[in-house]
């Protein structure tokens, strides 16, 4: 399984999201590297089809398959959980993506 973590420095949510991803990987017993992709420009955001920071992809697919981007740029991203918007993905979303990608 390939894990990508895309972010930009201006987003305060990327470090808590990375910490959560690493915690869940440990809990699930998954010892794989996380490819860190630092988005440094809007051109780079376009090239990487970057939805916003943080974005987590597993095997090339965004963990939130319901997300609809209005374009690609350096911006913070939000995730919906129980009708509320948060700057980090819900733990259940990360855990589900890990399980799905490990089992095929």
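Read-outs throughout are calculated quantities, based only on the coordinates presented, and are distinct from any laboratory measurement. Just so you know, these numbers come straight off a predicted model, no measurement behind them. When we count neighbours, we look across all protein chains shown, and the Cβ atoms used for this are built from the backbone with ideal geometry, even at glycine.
I need 42, 62, 19, 82 ordered by Cβ neighbour count within 10 Å, fewest first.
On the way: 42 14, 62 18, 19 11, 82 6.
Going from sparsest to densest Cβ surroundings: 82, 19, 42, 62.
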Q: Please provide three numbers in whole Å: the alpha-carbon extents of the stretch 3-103 along the principal axes, with the largest listed first.
A: 36, 31, 22
Q: Along each of the three principal axes of the Cα atoms of the stretch 56-96, give the extent in whole Å, ordering the values from largest to smallest.
A: 27, 26, 15
Q: Can you give me the P(r) profile for the stretch 32-91? Cα pairs, bins 5 angstrom wide beginning at 0, each as a whole percent.
A: 4, 17, 28, 28, 15, 7, 1
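How much of the DSSP beta bridge set in the chain is antiparallel, as a percent to the nearest 5? Intermediate results must be reported in sequence, preceding the final value.
Numbers: 9 of 15 bridges.
For the chain, the DSSP antiparallel bridge percentage is about 60.
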Q. Summing -39500 (n - 2.57) over the DSSP H runs of n ≥ 4 in the chain and dividing by its residue number, what mean residue ellipticity at 222 nm do you reach, to the nearest 500 deg cm²/dmol?
A. -9500 deg cm²/dmol
Q: For the stretch 62-80 and the stretch 8-59, write down the distance between their C-alpha centroids in whole Å.
A: 12
